[in-house]
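Trainee: I'd like to ask some things about the structure below.
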Amino acid sequence: MAGVTREDKVLGLLLGTALGDALGASFEGRHAVTARTVDAVERADGTLVHTDDTALTMVLAEHLAARDHAGLDEDVLAGEFAAAWQKEPWRGYGPGAAQVFELIGRGMPWQRAAVSLFGGAGSYGNGGAMRVAPVAAVGTGPHHVAELGRRTASITHAHEDGQHGAEVQALAAYLALERESAPRVLDIDQFRHDLTRVVRCRAWHEKLDRVSELVRTGADPRHAAHSLGNDVTALGSVPMAVMSFVSNPDDPVAAIRYAIGGGGDTDTIGAMAGALAGARNGASTLPEHLVARLEVGDHAREVAGKLATAGHRGG
Ligand code: R7I
Ligand code: MG
Ligand code: MG
């Protein structure tokens with residue numbers, strides 16, 4: 001947005017993740033979610049408890065912020081992810097991710113742990129994508145951001161779809177953070193074009209074409225989720241998050257409500273949509289009464305300050 005600082009946008013990316021995750025967490029697995037039920041969660045008092053999505057996003061954000069010139073180190077990051085799981089295993093981790101973290105904790109190299117999942121196929125879950133957005137703040141350009149995204153995902157997701165999901169979400173976050181600012185209207189076709197130039201995989205191109213078409217027809221969340229998917233796989237959730245954002249580019253809460261409205265993996269689709277819309281619009285556009293109920297508020301502010309200036313140097 002015009003006049004919004006880069007630091008506010010990076011903070012928006014982190015707090016948007018936490019808000020989408022924590023609001024969506026109450027509805028994970030529901031078929032579809034009505035606006036009234038989301039209203040009730042928004043109006044209630046008390047802490048909005050986040051899940052693994054935010055916990056690991058914060059670990060990655062801290063990793064990148066602390067290392068500054070040194071850039072991404074998968075071996076160190078793997079240990080940091082595993083430590084976060086060990087400290088709070090109750091945050092709703094996917095079973096595959098939990099297994100990888102347990103193996104890493106016992107000393108197995110992450111490369112071996114990740115390929116041991118699902119009979120050697122590796123995971124195509126959305127866990128790599130759900131936590132990837134902070135790489136957008138340190139990448140030097142679209143290809144670099146996608147590469148960083150893939151590398152962070154590969155620690156737990158050896159399957160190429162799990163890694164493509166992280167590439168797509170990382171690139172979307174980069175475009176939202178670095179390229180998109182009001183009053184320029186977000187151009188979905190340009191957005192899809194940018195995404196498909198970096199992520200070269202037909203299944204993803206087809207999903208993103210479908211997003212363009214659904215945006216053009218003004219599809220509601222249930223219809224979009226039916227067409228794009230709303231499950232725990234990367235290919236079945238990242239497109240719905242992108243759809244939620246591009247349908248509501250100027251309003252993070254509306255993007256999150258759209259994401260949750262489609263049902264399914266609501267914390268994760270909410271978190272990813274929140275990251276994108278939060279990055280475009282900045283934390284100052286998030287409702288104060290909701291931000292005040294998040295667990296990560298102060299910590300996110302501290303990390304965002306460092307991450308915003310660590311920018312463009314990650315390797
Ligand atoms: O990807 P991951 O970290 O899960 C993230 C999800 C988010 O919704 C979070 O909010 C949290 O609730 O969990 O964890 P994984 O267990 O690796 O992947 C998620 C699920 O995708 C798995 O438990 C499987 O159901 C499915 N899955 C697969 N199924 C068969 N074969 C992922 N990869 C495969 C596969 O190769
Ligand atoms: Mg979760
Ligand atoms: Mg989830």
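The values are calculated or read from the model by the stated rules, or taken from the named source; none is laboratory data. All figures in this text were calculated on a predicted structure; none of them were measured in a lab. Quick reminder, even Gly has a Cβ in these numbers, built from the backbone with ideal geometry, and neighbours come from all protein chains shown. Ligands, DNA and RNA are excluded from the accessible area calculation, which covers all protein heavy atoms including side chains. Shrake-Rupley method; radii C 1.70, N 1.55, O 1.52, S 1.80 Å.
Trainee: Mind listing the phi-derived Karplus ³J(HN,Hα) values for the range 61-78, rounded to whole Hz, using 6.51, -1.76 and 1.60 with θ = phi - 60°, and x for any glycine or proline?
Mentor: 4, 5, 4, 5, 5, 6, 8, 6, 4, 5, x, 6, 10, 4, 5, 5, 4, 4
Trainee: Additional query: Send over the Kirkwood Rh of the chain, from the inverse of the averaged 1/r over different Cα pairs, rounded to one decimal Å.
Mentor: Numbers: mean 1/r = 0.0540 Å⁻¹.
With all distinct Cα pairs of the chain included, I get 18.5 Å.
Trainee: If each of Arg106 and Thr47 carries a label point 7 Å out from its Cα toward its Cβ, how far apart are those two points in nm?
Mentor: 3.1
Trainee: Mind listing the long-range amide H neighbours of Gly125? Cut-off is under 5 Å, sequence gap 5 or more, other chains count too, H placed in the peptide plane at 1.01 Å from N.
Mentor: Amide H neighbours of Gly125, under 5 Å, 5+ apart: Ala234.
Trainee: Output wanted: per-residue J couplings in Hz (rounded whole) for the range 27-42, from phi through Karplus 6.51 cos²θ - 1.76 cosθ + 1.60, θ = phi - 60°, x for Gly and Pro.
Mentor: Whole-Hz 3J(HN,Hα) from phi for the range 27-42: 10, 3, x, 5, 5, 7, 10, 7, 4, 5, 5, 5, 3, 4, 5, 5.
Trainee: Excluding ligands, DNA and RNA, what is the solvent-accessible area per residue of the range 6-309 at a probe of 1.4 Å, expressed in Å²? Walk me through the intermediate numbers first.
Mentor: On the way: 11450 Å² over 304 residues.
Counting only protein heavy atoms, the per-residue value for the range 6-309 is 38 Å².
Trainee: Let me ask you something else. In the calculated pair distance distribution of the range 84-189, what percentage of Cα-Cα distances lie above 19 Å?
Mentor: Numbers: 2688 of 5565 pairs.
So the portion of pairs separated by more than 19 Å is 48 percent.
Trainee: Would you calculate the separation in nanometres between label points at His193 and Ala83, each defined as 7 Å from the Cα along the Cα-to-beta-carbon direction?
Mentor: 4.5
Trainee: If Lys and Arg each add +1 and Asp and Glu each add -1, what is the summed charge of the other residues whose beta carbon sits under 11 Å from the beta carbon of Ala18? Walk me through the numbers on the way to the answer.
Mentor: Working: positive: Arg293; negative: Asp21, Asp53, Asp267, Glu295.
Counting the neighbours of Ala18, the net charge comes to -3.
Trainee: Another question, then. Treating the range 39-137 as a set of equal point scatterers at the Cα positions, no solvent, please give the Debye-formula log₁₀ I(q)/I(0) at q = 0.24 Å⁻¹.
Mentor: At q = 0.24 Å⁻¹ the computed log10 ratios are -1.35.
Trainee: Quick one: which residues, 5+ away or cross-chain, put their amide H under 5 Å from the amide H of Leu294? H built at 1.01 Å from N.
Mentor: Leu48
Trainee: Sorting check: for 147-160, 199-212, 94-107, 54-67, which peptide has the highest mean count of neighbouring beta carbons within 10 Å, and how do the rest follow?
Mentor: Numbers: 147-160: 25.2, 199-212: 16.6, 94-107: 18.2, 54-67: 23.0.
By packing density, highest mean first, the sequence is 147-160, 54-67, 94-107, 199-212.
Trainee: At 222 nm, what helix-only mean residue ellipticity would the chain give, in deg cm²/dmol to the nearest 500, using -39500 (n - 2.57) for each DSSP H run of four or more? Provide the component values of the computation, followed by the final result.
Mentor: Numbers: 17 runs with 197 residues, N = 315.
Using -39500 (n - 2.57) per qualifying helix, the result is -19000 deg cm²/dmol.
Trainee: Compare the peptides 243-252, 24-33, 268-277, 70-79 by average per-residue count of other Cβ atoms within 10 angstrom and give them in order, highest first.
Mentor: In decreasing order of mean packing, 243-252, 24-33, 268-277, 70-79 become 268-277, 243-252, 24-33, 70-79.
Trainee: Can you work out the Karplus-derived ³J(HN,Hα) for every residue in the range 297-302? Use 6.51 cos²θ - 1.76 cosθ + 1.60 with θ = phi - 60°, whole Hz, and x for glycine or proline.
Mentor: Using θ = phi - 60°, the values come out as x, 5, 4, 4, 4, 5 Hz.
Trainee: Points 7 angstrom from Cα along the Cβ direction at Arg216 and Arg202: gap in nanometres?
Mentor: 2.2
Trainee: Another question, then. At a Förster radius of 25 Å, what calculated FRET efficiency corresponds to the Cβ-Cβ distance of Ala292 and Asp250, to the nearest 0.05?
Mentor: Working: r = 22 Å, r/R0 = 0.90.
Computed FRET efficiency for Ala292 and Asp250 comes out at 0.65.
Trainee: Counting Lys and Arg as +1 and Asp and Glu as -1, each charge on the Cβ, what is the dipole of the chain about the Cα centre in debye, to the nearest 20?
Mentor: Working: 29 positive and 39 negative charges, 81 e Å.
It works out to roughly 380 debye.
Trainee: Continuing with the same structure: Given a cut-off of under 8 Å on Cα pairs at least six residues apart, what relative contact order in percent is computed for the chain?
Mentor: This gives 35 percent for the chain.
Trainee: Next question. Among the lysines, select those whose C-alpha is under 28 Å from the C-alpha of Lys306, and discard any that sit fewer than 8 residues away in the same chain.
Mentor: Lys9, Lys87
Trainee: Separate question: What order, most packed first, do the peptides 230-240, 37-47 have when packing is the mean number of other Cβ atoms within 10 Å of each residue? Mind showing how you got there, number by number?
Mentor: Working: 230-240: 25.4, 37-47: 11.8.
Descending mean neighbour count gives 230-240, 37-47.
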